[in-house]
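For reference, the structure is listed below as structure tokens.
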Amino acid sequence: MDMLSERIDPVRAWWAAIIALTVALVGGSLAFPRTVWDGFLWHYFWGPVVADGNGAFCAVRSGGETTLLDSASACSAASGFVAYPGYTAVSEIGYAVILLLMLVGLIFLLRGLGIGRDRELFFALFPFMFFGGALRVVEDAGIAAMRSGFDPAIPFPWSAFIISPFIYFTVFFITLAAIVVSVGLERNGSVETYRNPLFALGGVLLLGTVGYLTLLAFTENYVSFFPQMTILTLGLATVIAYGTWKLVDVYAPEINRGTGTIGLVIIWGHAVDGVANVLAADWAVEIGLPFYYSAKHPVNRFIINFTDGILPESIAAVIGTSWPFLVVKIIAAVAVVWVFDESIFDESPRYAILLLIAILAVGLGPGTRDMLRATFGI
């Protein structure tokens, strides 16, 4: 077994997995279009993008044709495969697989570049976590434009590049390009370390994206501006995350020993996601927003529905039903921090850093989107 593992080139194995998966999906779609394409790829992945990108309530695939519908009743009565904007359990599993494959590929790249073993890479990539969520709001602004009778800045199908799951590829390759450029600047002597230009590039992308949304807020009537949402989300998330991290540090310091400050950032990123959801779902009107937001992720919807089913209506009306999602996010984040002890960093530092980056991204990315959607009234 050991001899076999030594013969296998991990990079070639990764490429083989990518090619095999691509061939299976493309070949299956050609050989069994109704089952593989209509019933799986279109239904769970492309269909939601079509519905989202066109501002429809749902998209229906029947007889090889796609129809866009604009009401819940029409979607419920439709025959064929019905896809709604947003996520499903199947699509989220698929995105997790895609993320894992991209992470493995990134590990090979970083190994080839000779970087990624130090913790500074985690902080250098921090702005890109925000950037991904902010870029997704640009598409949300495009949908708001269409619903108001205007042309979106990025029309469909080009807007698909900033809708899940394609936005993962978009942000991934933008980040990859930034890493390669930054490493190149370090190696030709232009900068002392690649980490500084990498952080700066991410910051420029983030500021440019948020700046564009802010410009829309002051020039277009389909985008508003409610800065209290961002202020409250970041403020409450900071208090909750720091309080949690310090309590853990006092009463169970072994949990934080491996990750250190990175652990605080992980908890904070997931607190941003939790707080943004709670504010948007239960406290929107109370903080001055004109409307409430519904949960888009299956896990969040399940938690809210479960809480709504067990809490008396009188209590739910006072404290809301989305707060357990925040509790779950904080507990899960602390559990992740606990898992990443010192031995993991000693044995596989590059793998540990990239996994922590991914864990932060899956919290801070959606949290940023939810926060900015509400901030700009989209």
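Details
- The requirement of being modelled with pLDDT of 90 or more and either basic (Lys, Arg) or within 29 Å of Leu109 (Cβ to Cβ) (or both) is fulfilled nowhere in the range 211-229; no residue meets it.
- Selected residue (criterion: surrounded by the most Cβ atoms within 10 Å (Cβ to Cβ)) from residues of the range 244-253 that are farther than 10 Å from Ile267 by Cα and not acidic (Asp, Glu): Val248
- Hits in the range 112-126 (condition: assigned to a helix (DSSP H, G or I) and either open to solvent by 10 Å² or more (accessible area, probe 1.4 Å) or of a type in the set (A, V, I, L, M) (or both)): Gly112, Leu113, Glu120, Leu121, Phe123, Ala124, Phe126
- Residue tally, condition of a type outside the set (A, V, I, L, M), surrounded by 15 or more Cβ atoms within 10 Å (Cβ to Cβ) and in a helix (DSSP H, G or I), over the range 254-276: 7
- Hey, Ser164 in contact with an Asp or Glu (Cβ under 6 Å, 6 or more places away or on another chain) and closer than 22 Å to Pro48 by Cβ or not: no
- Filtering the range 308-340 to residues that are part of a loop (DSSP other than H, G, I, E, B) and either closer than 30 Å to Pro227 by Cβ or open to solvent by 80 Å² or more (accessible area, probe 1.4 Å) (or both) leaves Gly320, Thr321, Ser322.
- Cross-chain or 6+ apart pairs with Cβ under 7 Å, the range 6-29 first and among the β-branched types (Val, Ile, Thr), then in a helix (DSSP H, G or I): Val11/Phe108; Ile18/Leu101
- Checking Phe57, Phe40 one by one, the residue that is without any contact (Cβ under 8 Å) to a residue 60 or more places away in the chain, open to solvent by 50 Å² or more (accessible area, probe 1.4 Å) and over 28 Å from Met102 (Cβ atoms) is Phe57 and no other.
- Cβ-Cβ under 6 Å pairs, at least 6 apart or on other chains, the range 82-103 side farther than 24 Å from Ser348 by Cβ, far side acidic (Asp, Glu) and surrounded by 16 or more Cβ atoms within 10 Å (Cβ to Cβ): Pro85/Asp52
- The one condition from (1) modelled with pLDDT of 95 or more; (2) of a type in the set (Val, Ile, Thr); (3) under 23 Å from Pro152 (Cβ atoms) that Val49 does not meet is (1).
- Every residue from the range 157-196 that is open to solvent by 20 Å² or more (accessible area, probe 1.4 Å), in a helix (DSSP H, G or I) and farther than 24 Å from Asp140 by Cα: Leu176, Ala177, Val180, Val181, Gly184, Leu185, Glu186, Arg187, Arg195, Asn196
One line per residue, one yes/no per condition, for (1) of a type in the set (Ser, Thr, Tyr); (2) part of a helix (DSSP H, G or I); (3) in contact with a helix residue (DSSP H, G or I) (Cβ under 6 Å, 6 or more places away or on another chain):
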site: Val278; (1), (2), (3): no, yes, yes
site: Tyr293; (1), (2), (3): yes, no, yes
site: Phe306; (1), (2), (3): no, yes, no
site: Ser343; (1), (2), (3): yes, yes, no
site: Ile359; (1), (2), (3): no, yes, yes
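- For Ser79, the conditions (1) open to solvent by 10 Å² or more (accessible area, probe 1.4 Å); (2) part of a helix (DSSP H, G or I) are fulfilled apart from (2).
- For the range 303-342, residues that are among the acidic types (Asp, Glu) and closer than 26 Å to Lys246 by Cβ total 2.
- In the set (1) at pLDDT 85 or above; (2) in contact with a helix residue (DSSP H, G or I) (Cβ under 8 Å, 6 or more places away or on another chain); (3) farther than 23 Å from Arg195 by Cβ; (4) aromatic (Phe, Trp, Tyr), Tyr168 fails one condition alone, (1).
- Listed by first and then second residue, the pairs with beta-carbon distance under 9 Å, at least 6 apart or on different chains, first residue in the range 335-362 and of a type in the set (Ser, Thr, Tyr), second surrounded by fewer than 18 Cβ atoms within 10 Å (Cβ to Cβ), are Tyr351/Leu103; Tyr351/Ile344.
- Selected residue [assigned to a helix (DSSP H, G or I), modelled with pLDDT under 90 and within 20 Å of the chain's Cα centre (by Cα)] from Leu101, Leu109, Leu4: Leu101
The values are calculated or read from the model by the stated rules, or taken from the named source; none is laboratory data. Small disclaimer: the values here were computed from a predicted structure and weren't measured. A quick note on method: Cβ atoms are made from the backbone with ideal geometry, for glycine too, and the neighbour counts reach across all protein chains shown. With ligands, DNA and RNA removed, areas are computed over all heavy atoms of the protein, side chains included. Shrake-Rupley method; radii C 1.70, N 1.55, O 1.52, S 1.80 Å.
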